[in-house]
Amino acid sequence: MIEELEQIQKDALAAIAAVDSETALEDQRVGFLGKKGRLSVAGAGMRDVPKEQKPAVGQKLNEVRTAITEALESKGAEMIAARDAKQFASIDVTLPPRPLPQGGLHPLTQVQDEAIQILRRMGFALADGPEIETAWHCFDALNTPEEHPARNESDTFYFENGKILRTHTSSVQIQTMLKNPPPIRIIAPGSAYRRDEIDATHLPVFTQLEGLYVDTHVTLADLKGTLEYFFREMFGNSIDVRFRPHFFPFTEPSFEVDLKLQVKGKSDKWIEIAGCGIVDPNVFIEVDGKRKQPAYNPDEVSGFAFGMGIERLAMIKYEISDIRHLIDNDTRFLSQFR
Ligand code: PHE
């Protein structure tokens, strides 16, 4: 029986060495180690082996099984390695990868972030208020009487309950002064809504950045210095800034600020970027009337306020000639600002 087992081992190792496919290897495994395989059949002969030879034969049987199993395993590993090597050989690792589409911040977000950073360095803190506002916050408290054209049905979006979509972020001036006593130095970026026709410089939904500074002895010089510094930080020292006398109900005196828009191939044009002025005493009086503890006595405090359009800042910064590009969501346009 020992010789028979040795013969089986010899045959098995030779057969395994000669195999040239993974299926042929599996056939050999079944042929030798399977239930009806040669080694299993031989192993069944154990019961006829005389008792005193059993240990030696049993040990041989185990040795042969181990040898065949190891041969099968190493041949299998060899074949898998060869298959992998063949597959890798056909991959060109020097090929450039397919580019992944890359996103980025919208130019409006970038400009707004930059504006906020500049103003925060000057000590302005972020504030906000609701976009759906009462007419009182948006108009009355801002010294804008019932008959003012901005309050017309044709200029403002009204809800049935009398609330409105805020026409400017100046309502946040009121929200802030109701909640906090002076001194106040805040900026409030956010959406504003007007029933404007869409054209190259107007959208019915746009973004403003409001500013309010209230303290003792705030003057027009502070306002002018703050805004000029802001625009130079934003656009560089060569930007042209122009203050034009204007009228707003909630500031006196009031100004509009223009910046020169220079787009290659087009003639220069002044573009209105902000409204501003010295807070009208009537605003302080109206706010104080609503506060539990009056704090805005116009004889003691003064302030300046400004509101600028973020879309227009972006247009000047990136030389965009049409505001509509900013809402088209065309990646050919947007990908230029990554
Ligand atoms: N709210 C004004 C507008 O939307 C801008 C402004 C803000 C003017 C603050 C003066 C002071 O046109």
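FYI, it's all coordinate maths here, none of it is from the lab. All figures in this text were calculated on a predicted structure; none of them were measured in a lab. Cβ coordinates were reconstructed from backbone atoms using ideal geometry, including for glycine residues, and neighbour counts include every protein chain displayed.
Judged by the gyration tensor of its Cα atoms, with axes a ≥ b ≥ c, segment 164-285 is oblate; a/c meets the 1.5 cut and b/c is at least as large as a/b. Relative to the longest principal axis of the Cα atoms of the chain, the long axis of helix 107-121 lies at roughly 60 degrees. Ranked by the mean number of other Cβ atoms within 10 Å of their residues, highest first, the peptides 248-256, 101-109 come out as 248-256, 101-109.
Put simply, when 66-76, 148-158 are sorted by average Cβ atoms within 10 angstrom per residue, most first, you get 66-76, 148-158.
What would the Debye equation give as log₁₀ I(q)/I(0) for segment 272-321 at q = 0.14, 0.21 Å⁻¹, counting only Cα atoms as equal point scatterers? Cα-only, vacuum Debye calculation for segment 272-321: -0.52, -0.73. Fewest-first ordering of Ile187, Ile316, Ile118, Ile80 by other beta carbons within 10 Å of each residue's beta carbon gives Ile80, Ile118, Ile316, Ile187. Beta bridges from DSSP with both residues in the chain: antiparallel share about 95 percent, rounded to the nearest 5. Taking the Cα centre of segment 2-88 as reference, the dipole from Cβ charges on Lys and Arg (+1) and Asp and Glu (-1) amounts to some 320 debye. With contacts taken as Cα pairs under 8 Å and at least 6 residues apart, segment 2-88 reaches a relative contact order of 38 percent. Each Lys and Arg Cβ is given +1 and each Asp and Glu Cβ -1; about its Cα centre, the chain then shows a dipole of about 1140 debye. Comparing Cα centroids, segment 201-255 and segment 104-153 end up 13 angstrom apart. Could you name the lysines in cross-link range of Lys260, using Cα to Cα under 23 Å and dropping any fewer than eight places away on the same chain? List returned: Lys224, Lys269, Lys317.
Once both axes come from the Cα atoms, what is the angle between helix 281-290 and the longest principal axis of the chain, in degrees from 0 to 90, rounded to 10? The angle comes out near 60 degrees. Distance from the Cα centroid of segment 270-338 to that of segment 11-48 is 87 Å (rounded to whole angstrom). Look at the dipole of the chain built from charges on Cβ: of Gln53, Pro281, Pro204, the Cα furthest out on the positive end belongs to Gln53.
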